[in-house]
Amino acid sequence: MASDGVCDTPAVTAPTDLRPAVRRALDLSRRRGFVKSSRVETGRLLAALAASRSGTLGECGTGCGVGAAWLSSAAREGSTVVTAEVDADLADAVAELFADDPRVEVVHGDWTSLLERAPFSLLFLDVREAKTSGVETVAELLGPGGIVVLDDFTPCAAWPPVYDGRVDVTRQQWFTDDRFTTVEVMVASDAAVLIATRR
Ligand SMILES: C[S@@+](CC[C@H](N)C(=O)[O-])C[C@H]1O[C@@H](n2cnc3c(N)ncnc32)[C@H](O)[C@@H]1O
């Protein structure tokens, strides 16, 4: 703290430690005006989990490739990343982004097409309908001990969980399904993810 009482911490700038693949994916998001890319806090969590897994890592909803970039940036030797995107134009753009990385495969299609690549050891679930009504399919996508990360929740400490004045049945379902052990993790003061491990 400076003597005049004003905090003298340097101004916060964009993180400078981002891996090249993450930077390229964020650049693609900016160029396309794509505002739904994962935030850095979530990306760091994905990378930390990816570093702990072996086998196939997956993503439902590629967007501009930010999640895939975080996963691949930390993937262990021998691990691969498969990401599915329903929008052909986005899928092509991200495939081009990873053209030099044979560990990353972009599948153009519905997220459920990843069933052909199961089992996954880690799955990033970033398609709304997959989170709300995809629990059966996710149970098939994961091997025993496999982990799914569900993005884009608003932190909530109440039970039953409430969102927008109503019981949040999506969150409730992931917490009460016997096939999963689930925790809500805040990645920022205004953002949370669910992490569910397949029993
Ligand atoms: C929130 S964005 C994904 C962001 C990305 N995961 C990231 O980490 O930056 C959701 C993406 O899912 C795609 N999508 C929507 N429905 C889908 C479906 N049924 N199957 C596959 N992708 C889908 C959208 O086109 C969009 O690009």
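Candidates in the range 132-143 are the residues that are part of a helix (DSSP H, G or I) and surrounded by fewer than 23 Cβ atoms within 10 Å (Cβ to Cβ); of these, the one that is farthest from the ligand (Cβ to nearest atom) is Ala139. Considering (1) more than 12 Å from the ligand (Cβ to nearest atom); (2) in contact with a helix residue (DSSP H, G or I) (Cβ under 8 Å, 6 or more places away or on another chain); (3) among the charged types (D, E, K, R), the lone condition that Glu85 does not fulfil carries the number (1). Checked across the range 60-82, the condition of being within 9 Å of the ligand (Cβ to nearest atom) and without any contact (Cβ under 8 Å) to a residue 12 or more places away in the chain holds for no residue. Ala158 passes every criterion in (1) surrounded by fewer than 18 Cβ atoms within 10 Å (Cβ to Cβ); (2) outside any helix (DSSP H, G or I); (3) within 16 Å of the ligand (Cβ to nearest atom) apart from (3). Cβ-Cβ contacts under 6 Å between residues 6 or more apart (or on different chains), taken from a first residue in the range 172-197 that is under 26 Å from Val40 (Cα atoms) to a second residue that is part of a helix (DSSP H, G or I) and open to solvent by 30 Å² or more (accessible area, probe 1.4 Å), are listed as Thr182/Phe175; Val187/Glu41; Val187/Leu45; Ala188/Glu41. Apart from one condition, Asp101 fits all of (1) open to solvent by less than 70 Å² (accessible area, probe 1.4 Å); (2) outside any loop (DSSP other than H, G, I, E, B); the exception is (2).
The values are calculated or read from the model by the stated rules, or taken from the named source; none is laboratory data. Bear in mind the structure is a predicted one, so any value in this text is a computation, not a measurement. Virtual Cβ from ideal backbone geometry, glycine too; neighbours counted across all protein chains shown. We work out accessible area using only protein heavy atoms, side chains counted, and drop any ligands, DNA or RNA first. Shrake-Rupley method; radii C 1.70, N 1.55, O 1.52, S 1.80 Å.
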